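The structure under discussion appears below in the form of structure tokens.
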Amino acid sequence: MNRAEKKVLLTGASGGLGCKLAAGLAAQGITLVLTDIAPFPEKLPPGATFTQADLNDAATILRLAEGCGTILHFGGISVDRPFEEILGPNLRGLYHIYEAARRERARVVFASSNHSIGFHERSEALDSDCAFRPDGFYGLSKAYGELMGRLYWDKHGVESVMVRIGSSFPEPVDARMLATWLSYNDLIQLMLRCLNADSVGYAVVWGASANARSFWRKDDRERLGWTPVDTADVYAGQLSGKVSDNPVQERFQGGAFCANLYSRTE
Ligand code: 15L
């Protein structure tokens, strides 16, 4: 059986994006092995199984990955939190995912984030090979994840797609999201390309729809054959004035994450 015909492990399945992906991918006939630390909040999609598990639990992660050709890793903490909360799920958990991928010869698709580069100024147009500038411990864990993928590709030949997701919500809700919004539809199509593309090596892709105001330019999407079709541009009339009164938040690409939790001098 070739890799693309095998089962797909989806971590973080009970989260906002996980549920959308579970439904969207199952509708394409993909057999899903779902897992999350929280119970699955919806009716299970056809053909899917769900196991409640902690990413810290190496044995369970290895078992769940058995026979899977791809791991879509959306699990872990998805907002900025103190280091001790990030450590287990986002750092140790990620190691378990990569060890599982190495053993199964599976491809990893990592839900990275714009917060790995969040302290770049909005005036900079970035290509995907720009320097990491994480805007908190969450963003730092995403940079670590991307480098983990780099290590496993260079050392073990484990393929990865790093998707630096902007803001994936039903619709953009403020001026920043006119640049960063990723529609659910574009996200699902991107995942299908990640599953089906012949060879990806180590690829980094900006996870944003076709937004004219995007902060981001070149990446490896051609290797995947992915082109987003939605755009935040149609919301510009109602959202371009929707900015905060925090100058730090408005200056940096990571937005509120740059201004939250700790000041830069604390
Ligand atoms: C993320 O990485 C978060 O998971 C999400 O909750 C949003 O904050 C998003 O980034 C964003 O930057 O809009």
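Odds and ends about this structure:
- Gyration tensor verdict on segment 129-213 (Cα atoms; rounded if a/c is under 1.5, prolate if a/b is larger than b/c, oblate otherwise): oblate
- Estimated from helical segments only, the mean residue ellipticity of the chain at 222 nm is -9000 deg cm²/dmol, where each DSSP H run of four or more residues counts as -39500 (n - 2.57).
- Counting only alpha carbon atoms, the long axis of helix 93-104 and the longest principal axis of the chain meet at about 40°.
- Segment 178-246-segment 38-86 distance, computed between alpha-carbon centres (Å): 24 Å
- The largest accessible area among ASP198, ASP54 belongs to the first residue in ASP198, ASP54, and the rest follow in falling order (1.4 Å probe, all chains).
- Cα gyration tensor shape for segment 1-73, rounded if a/c is under 1.5, else prolate or oblate: oblate
- Angle between the chain longest axis and helix 137-156 axis [Cα atoms, degrees, rounded to 10]: 40 degrees
- Angle in degrees between helix 16-26 and the longest Cα principal axis of the chain, rounded to the nearest 10: 50 degrees
- Rolling a 1.4 Å probe over the protein heavy atoms leaves ARG217 with an accessible area of roughly 140 Å².
- In the context of the full protein assembly, THR227 retains an accessible surface of approximately 110 Å², using a probe radius of 1.4 Å and ignoring ligands and nucleic acids.
- All aspartates and glutamates inside 17 Å of LYS6 as judged from Cα atoms, apart from same-chain residues fewer than 8 positions distant: GLU66, GLU104, GLU159, ASP198
- Of the residues SER78, GLY149, HIS120, the one whose Cα sits farthest toward the positive end of the charge dipole of segment 71-158, with +1 on the Cβ of Lys and Arg and -1 on the Cβ of Asp and Glu, is GLY149.
- Cα shape, segment 124-266, gyration tensor, a/c 1.5 rule: oblate
- Antiparallel DSSP beta bridges within the chain, as percent of all bridges there, nearest 5: 5 percent
- Taking every alpha-carbon pair under 8 Å whose residues sit at least 6 apart, segment 175-266 reaches a relative contact order of 33 percent.
- Largest-first ordering by accessible area, 1.4 Å probe, given options LYS20, LYS218: LYS218, LYS20
The values are calculated or read from the model by the stated rules, or taken from the named source; none is laboratory data. Owing to the predicted nature of the structure, the values given are computational and were not obtained by experimental measurement. Cβ: placed from backbone, ideal geometry, glycine included. Neighbour counts: every protein chain shown. These accessible areas exclude ligands, DNA and RNA; they are computed on the full protein's heavy atoms, side chains included. Shrake-Rupley method; radii C 1.70, N 1.55, O 1.52, S 1.80 Å.
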